[in-house]
Amino acid sequence: MSSTNAVDRSNEFTGKRVLITGAGKGIGRSTALLLAERGAQVIALSRSAADLRALEREIGCETHAVDLGDATAARAAAVAAQPVDLLVNNAGIARLQAFLDLDVEAFDETIAVNARAAMVVGQVCARGMIERGAGGAIVNVSSISAQIGFPLHAAYCASKAALDALTRVMAVELGEHGIRVNSVNPTVTLTPMAEKAWGEPAKAAQMLSRIPLNRFVQPGEVAQAIAYLLGDESRMINGVSLAVDGGFLAR
Ligand code: NAP
């Protein structure tokens, strides 16, 4: 495409307040930068205050430091962040344990951060969207792990399958209010989390061999898929889990 046909997206989200959880690092941070570049007022919610301060210096966003594993604190932070037009439930953790060694505390924490927090923050934001009557869009950051059983990832895979299921029910119930809910499901994306899970060269090579495009995803590429699902160009897309996986799931 010649540059004269390039779409100018600099105002795509102008006037929109976008809440992004886990905006301190990785995919959340890339998403905050991209949406700010496209005119959004970003509200960044994350755990480490230092990450939030750095992001605030860069894009002038509103910030809320909170542990989303605490449902009461998560709800209070979501209330403080209102009004919100668009929501990205991105915060997530991966605690790697073999199934036989998986402890209840690790399982519960993973479900609390990866699935329950999306429910709690989603409820607060959706109620606000319904009250204001202007509709909205929500993107939950899931994973191909919702559909694939990766060794050492039992709690993580369970949490992402739960998040995909939650996404579908939210889409079905909130559609009548003009609120669309979808998920993005990336394969290994080059962030601090991926470094922990896939940093070993042998593990990385095995994973790469399953990706037809033969590379891992860049955080900015997930951010672009999120922006698409938040934006008007996807206005009839609701309740999908969009793989951002270079063809992994097609194999
Ligand atoms: P990351 O680099 O580890 O960043 C995660 C962000 O979420 C950090 O800012 C982290 O803050 C925040 N966070 C985690 N737990 C939190 C909590 N309890 N309360 C508040 N904030 C919390 O991870 P990422 O790779 O960007 O992952 C982002 C999302 O993409 C996750 O949902 C992940 O499951 C999903 N995903 C990642 C990959 C991958 O390969 N990277 C693939 C598929 C899906 P602190 O650092 O301060 O704790």
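Just so it is clear, none of the values below were taken in a lab; they were calculated from the coordinates. Small disclaimer: the values here were computed from a predicted structure and weren't measured. Cβ: placed from backbone, ideal geometry, glycine included. Neighbour counts: every protein chain shown.
Centre-to-centre, using Cα atoms only, the range 136-160 and the range 57-125 are separated by 14 Å. The lysines whose alpha-carbon is closer than 22 Å to the alpha-carbon of K160, local same-chain residues fewer than 8 away aside, are K25, K196, K203.
For the listed peptides 210-216, 13-19, a ranking on the average number of other beta carbons within 10 Å per residue, highest first, reads 13-19, 210-216. Dipole orientation for the chain: of the candidates V121, F248, N185, F248 has the Cα lying most toward the positive pole (charges on Cβ; Lys, Arg +1; Asp, Glu -1). Between D67 and Q123, what FRET efficiency comes out of the Förster formula 1/(1 + (r/R0)^6) with R0 = 22 Å and r the beta carbon distance, rounded to 0.05? About 0.75, to the nearest 0.05. The dipole here belongs to the chain: it is taken about the Cα centre, uses +1 on the Cβ of Lys and Arg and -1 on the Cβ of Asp and Glu, and is about 280 debye. The alpha carbon radius of gyration of the chain, expressed as a multiple of 2.2 N^0.38 Å, is 0.97. Fully extending the segment from E131 to H177, taken as 0.36 nm per residue of separation minus the present Cα-Cα distance, adds 15.6 nm.
Divided by 2.2 N^0.38 Å, where N counts the residues, the Cα radius of gyration of the range 157-251 comes to 1.21. The simple Förster model, with R0 at 51 Å and r as the Cβ-Cβ distance, assigns Q82 and L249 a FRET efficiency of 0.90.
Can you name the helices of the chain, as whole DSSP H runs, whose Cα span along the helix axis is 24 Å or more and whose Kyte-Doolittle mean is not below 0.0? Helices passing the filter in the chain: 154-174. Putting +1 on Lys and Arg Cβ atoms and -1 on Asp and Glu Cβ atoms, find which of Q41, N11, I27 reaches farthest to the positive end of the dipole of the range 1-62. Farthest towards the positive end: I27.
Volume per residue for the range 51-93 equals 89 cubic angstrom (convex hull of Cα atoms).
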